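Structure first, then comments.
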Amino acid sequence: MTTERDPIVLLDGGMGQELQKRSDQPASPLWSAQVMLDEPNLVVDAHRDFINAGARVITLNTYSATPTRLARDGQPDWFEPLHTAALKAARQACKESGRGARIAGCLPPLVASYRPEVAHDEATCLKEYRQMVEAQKAGGVDLFLCETMSIAHEAHAATIAAVESGLPVWTSFTVDDADGTKLRSGESLAESAKAVVDAGANAVLVNCAVPEALTTAMDVLKELGVPFGGYANAFTSVAALEPGGTVDVLEARKDLDPDAYADHVLQWVEKGATIVGGCCEVGPAHIKALAERLAAAGYSLAS
């Protein structure tokens with residue numbers, strides 16, 4: 001069991017899917033960013049609900065606000081307004097909740113989730129990530145989360161850009177749903193994770209794959225000698241989502257209610273994970289159940 005020196009850091013859940021559920025607008029290629037433009041109150045509400053459920057780290061709602069995605073699916077000049085709005089929403093939610101929560105800057109895949117074959121080369125990745133880091137650090141984030149990294153060189157570029165900020169950096173990979181020891185690119189999780197640790201990542205995670213794959217991945221991450229953890233999705237499959245597509249083509253699993261999801265996460269914590277939460281289709285009810293289950297099992301939770 002985790003010692004008192006290593007309290008469990010509880011993350012939030014999947015903002016994009018949560019916002020789609022709360023919005024009356026049709027799904028958009030810009031996903032969560034479009035909701036922020038049209039209905040910013042929903043972003044504040046979702047952040048606040050995750051904090052009230054027990055999350056002590058919330059992630060900035062800029063997952064789809066990369067320069068590449070905005071050029072393809074929106075307007076390049078939306079970059080600054082979207083980052084400003086996301087930072088404002090996160091800070092407002094923290095204030096309204098009355099509870100302490102850190103805000104993680106978000107460095108996502110620049111082109112598309114789950115599709116390593118469309119990733120930019122490392123130099124282009126580094127340029128765009130530096131732009132995002134500059135905007136988010138100026139807005140006062142507490143750390144950076146490089147997340148849903150499906151190919152090693154994009155994760156490496158995101159980590160380098162984030163480390164340059166001087167803030168803590170957590171890098172998270174998305175693994176093959178059928179083999180948690182490999183990235184979706186087919187590359188070794190062990191080798192890719194070691195590379196980002198060598199580049200300065202303070203923690204390494206896995207996210208946005210099925211919980212069963214993350215359980216396998218924990219055995220890889222625990223060998224790195226740094227804090228580790230994960231946050232799974234509850235999709236049946238992500239294969240149908242094309243670059244520039246909309247998330248309404250994906251289906252949620254029926255067997256991952258809050259208690260069932262917590263069962264998986266408790267396995268990760270028993271393996272030594274200290275940073276856990278949820279990704280797509282994991283909502284505030286899941287995070288609340290997870291906080292309660294961790295406390296009942298005797299784990300100390302980071303305040």
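Proximity of backbone amide H atoms, modeled 1.01 Å from N, is registered between residue 301 and 8 at under 5 Å, excluding neighbours fewer than 5 places apart on the same chain.
Couplings 3J(HN,Hα) of segment 257-274, computed from phi: 6, x, 5, 5, 5, 4, 4, 5, 4, 4, 5, 5, 5, 5, 7, x, 5, 10 Hz, in residue order, whole Hz [Karplus 6.51 cos²θ - 1.76 cosθ + 1.60, θ = phi - 60°; x for Gly and Pro].
With a 1.4 Å probe and every protein chain kept in, tell me what percent of the accessible surface of the chain is carbon plus sulfur. It would help to have the intermediate numbers written out before the result.
Details: 5670 of 11420 Å².
Percent of accessible area from carbon and sulfur atoms in the chain: 50.
The residues of the chain expose on average 38 square angstrom of accessible surface per residue, using a 1.4 Å probe on protein heavy atoms.
Within the shell of other residues whose beta carbon sits under 12 angstrom from the beta carbon of residue 34, the net charge comes to -2, with Lys and Arg scored +1 and Asp and Glu -1.
Distant-in-sequence amide contacts of residue 149, defined by a placed amide H-H separation under 5 Å and a gap of 5 or more residues or a different chain, comprise 172, 173, 174.
Charge tally for residue 126 (other residues, Cβ to Cβ under 13 Å; Lys, Arg +1; Asp, Glu -1): -4.
Between residue 84 and residue 124, how high is the FRET efficiency from 1/(1 + (r/R0)^6) when r is the Cβ-Cβ distance and R₀ = 30 Å? Nearest 0.05. Present the calculation step by step, with values, prior to reporting the outcome.
Working: r = 24 Å, r/R0 = 0.81.
Once rounded, the FRET efficiency stands at 0.75.
The HN-Hα couplings worked out from phi for segment 133-142 by the Karplus form 6.51 cos²θ - 1.76 cosθ + 1.60 (θ = phi - 60°) are 4, 4, 5, 6, 5, 4, x, x, 5, 9 Hz, whole numbers, x standing for Gly and Pro. Restricting attention to segment 9-297, the count of lysine pairs at 8 or more positions apart or across chains with alpha carbons under 14 Å apart stands at 4. Have a look at 166, 230, 54 and tell me which one the Gaussian network model of the chain (Cα, springs below 10 Å) gives the largest fluctuation. Of 166, 230, 54, the Gaussian network model singles out 166 as fluctuating most. Which residue, 169, 220, 276, has the most motion in a Gaussian network model of the chain that connects Cα atoms within less than 10 Å? So, out of 169, 220, 276, the one fluctuating most is 220. Pairs of Cα atoms nearer than 8 Å and 6+ residues apart set the relative contact order; for the chain it is 23 percent. Working from the alpha-carbon coordinates of segment 9-297, get Rg over Rh, Rh being the Kirkwood radius. A ratio of 0.92. In order along segment 25-30, the phi-based Karplus estimate (6.51 cos²θ - 1.76 cosθ + 1.60, θ = phi - 60°) of 3J(HN,Hα) comes to 7, x, 4, 10, x, 7 Hz; Gly and Pro are listed as x.
The values are calculated or read from the model by the stated rules, or taken from the named source; none is laboratory data. All figures in this text were calculated on a predicted structure; none of them were measured in a lab. Reconstructed Cβ throughout: ideal geometry from the backbone, glycine too, with neighbour counts over all protein chains shown. Note: accessible area is taken over every heavy atom of the protein model, side chains too, but ligands, DNA and RNA are not part of it. Shrake-Rupley method; radii C 1.70, N 1.55, O 1.52, S 1.80 Å.
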